[in-house]
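Each reported figure results from applying straightforward, stated rules to the coordinates on display, with no laboratory input. Because the structure is predicted, anything quoted here is derived from the model rather than measured. All Cβ positions, glycine included, derive from the backbone under ideal geometry; neighbour counts span all protein chains shown.
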């Protein structure tokens with residue numbers, strides 16, 4: 001299993017979200033990448049993994065996979081209604 005690394009930006013996002021009372025554990029971010037509810041291809045060989053946070057929110061994690069590791073670029077919560085249909 002590949003090592004998962006957090007970019008400085010993604011670490012900062014976790015801190016900013018926590019200050020706004022949206023606490024997301026780094027283990028949950030890793031779980032989102034390893035076992036997403038939904039996976040999309042993004043620009044420039046990026047992937048977007050999505051996992052449900054609660055009834056109305058999902059966590060979206062943007063990452064890039066390299067030969068020996070996965071780099072989490074950024075993450076953000078989003079409204080489930082925006083990213084899921086049905």
> Does anything in region 60-84 have its amide N under 12 Å from the 7 Å Cα→Cβ label point of residue 16, and if so which residues?
Replying inline: 74-77
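Under the definition of Cα pairs under 8 Å and six or more residues apart, what whole-number percent is the relative contact order of the chain?
Details: 132 pairs, mean separation 25.7, N = 86.
About 30 percent, as a whole number.
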> For the residues 79, 60, what sequence is obtained by ranking on other C-beta atoms within 10 Å, fewest first?
Replying inline: 79, 60
